[in-house]
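Asks: Shown below is the structure under consideration.
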Amino acid sequence: MFTGIIEELGEIVRVTATAGDSALIGVRGPLVTSDARHGDSIAVNGVCLTVVEVADGVFTADVMGETLRRSALGALSVGDPVNLERAAALGSRLGGHLVQGHVDGVGEVISREPAEQWETVRFRLPAALSRYVVEKGSITIDGVSLTVAEVGADEFAVGLIPTTLKLTTLGAKSAGDPVNLEVDVLAKYVERLLGDRLAGTDGPGVASITDGVA
């Protein structure tokens, strides 16, 4: 589990194709590797990856074909910057929102509108995800926890403050660039529960209201 607060801007140093359609990537990140061990979780542009090896400030991670297809990680090359965040620790402050590191789809930068103190960036999102995105709700873009400012039929906008522009990859994204999107998981659970109730079923493992469960 993550919070969407980026700890470090890392760099892809190695991409090696492995068996099938998977890959092994090497990521430089002195901060996130300072206490990393084999088996730890680190989010790379919002994708939860498992550390395989750590050496000299670089960690390696296996990326399955499914992950490459469902996220924008497949478009990364050596030298590309990436947003890095270690898994949240119990008892730490939740500065962003609950982020799983499970990408729901790939969006695309539509436009950027600079202002004096911030910048408005618009993104296109897959139609299947639009129902989970609401004004003033939370969304994760390339691992960054952000608040939705505007919502359209197939697009949305967020406001980026100078710190976000400087310390994450979002500051350098151009129109047409792909981004990883993770919608608020609470919205998906609510949809599933309400859908089962309205359909007259409880769904797997869900107690009925008639059972006395509020």
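The values are calculated or read from the model by the stated rules, or taken from the named source; none is laboratory data. Computed from a predicted model, the values in this text were never measured in an experiment. Cβ placement follows ideal geometry from the backbone for every residue including glycine, while neighbour counts extend to all protein chains displayed. Protein only, heavy atoms only, side chains kept; ligands, DNA and RNA dropped before computing areas. Shrake-Rupley method; radii C 1.70, N 1.55, O 1.52, S 1.80 Å.
Asks: May I ask you to list pairs of residues, at least six apart or on different chains, whose Cβ atoms are under 6 Å apart, with the first in segment 101-123 being of a type in the set (S, T, N, Q) and the second being outside any loop (DSSP other than H, G, I, E, B)?
Replies: Ser111/Arg122; Thr120/Glu113; Thr120/Ala157; Thr120/Gly159
Asks: Is it true that Glu119 is open to solvent by 70 Å² or more (accessible area, probe 1.4 Å) and over 12 Å from the mean Cα position of the chain (by Cα)?
Replies: Judged against the criteria, Glu119 is not a match.
Asks: Out of segment 163-193, which residues are among the aliphatic types (A, V, I, L, M), farther than 18 Å from Gly137 by Cα and free of Cβ contacts under 8 Å to residues at least 24 places away in the same chain?
Replies: Leu193
Asks: Yes or no: segment 88-101 includes at least one residue that is at pLDDT 95 or above and among the aliphatic types (A, V, I, L, M).
Replies: Scanning segment 88-101 turns up no residue that is at pLDDT 95 or above and among the aliphatic types (A, V, I, L, M).
Asks: Here are some residues: Thr147, Thr140, Thr120, Thr169. Which one is of a type in the set (S, T, N, Q), modelled with pLDDT of 95 or more and in contact with a Pro (Cβ under 6 Å, 6 or more places away or on another chain)?
Replies: Thr169
Asks: While we're looking at this one, here's another question. Restricting segment 40-73 to residues that are touching a residue at least 24 places away in the same chain (Cβ under 8 Å) and among the small types (Gly, Ala, Ser), which is nearest to Thr168 (Cα to Cα)?
Replies: Only one residue fits best here, namely Gly46.
Asks: Which of the residues spanning segment 36-74 are open to solvent by 30 Å² or more (accessible area, probe 1.4 Å), farther than 17 Å from His102 by Cβ, among the aliphatic types (A, V, I, L, M) and in contact with an Asp or Glu (Cβ under 9 Å, 6 or more places away or on another chain)?
Replies: Val52, Val54
Asks: Turning to a different aspect of this structure: Considering each residue of segment 167-199, count those that are surrounded by fewer than 13 Cβ atoms within 10 Å (Cβ to Cβ) and touching a Leu at 6+ places or on another chain (Cβ under 9 Å), and give that number.
Replies: Of the residues in that region, 1 qualify.
Asks: Tell me whether segment 88-105 contains one or more residues that are of a type in the set (Lys, Arg), out of contact with any helix residue (DSSP H, G or I) (no Cβ under 9 Å at 6 or more places or on another chain) and crowded, with 16+ Cβ neighbours inside 10 Å.
Replies: No: segment 88-105 contains no residue that is of a type in the set (Lys, Arg), out of contact with any helix residue (DSSP H, G or I) (no Cβ under 9 Å at 6 or more places or on another chain) and crowded, with 16+ Cβ neighbours inside 10 Å.
Asks: Might you let me know whether segment 49-66 holds any residue that is closer than 20 Å to Val183 by Cα and at pLDDT below 95?
Replies: yes
Asks: Could you run through segment 75-119 and say how many residues are in a strand (DSSP E or B), closer than 17 Å to Ala43 by Cβ and of a type in the set (A, V, I, L, M, F, W, C)?
Replies: Matching residues across segment 75-119 total 4.
Asks: Conditions: (1) within 15 Å of His97 (Cβ to Cβ); (2) polar (S, T, N, Q); (3) open to solvent by less than 40 Å² (accessible area, probe 1.4 Å). Thr147 meets all but one. Number of the miss?
Replies: (3)
Asks: Those residues that are at pLDDT 95 or above and polar (S, T, N, Q), I need them from segment 1-35; list them, please.
Replies: Thr33, Ser34
Asks: Restricting to segment 127-142, name every residue that is closer than 27 Å to Gly10 by Cα and open to solvent by 10 Å² or more (accessible area, probe 1.4 Å).
Replies: Initial filter on segment 127-142 (closer than 27 Å to Gly10 by Cα): 138-142.
Within segment 127-142, just Ser138 meets the criteria.
Asks: Take Asn45 and decide whether it is polar (S, T, N, Q) and on the phi > 0 side of the Ramachandran plot.
Replies: yes
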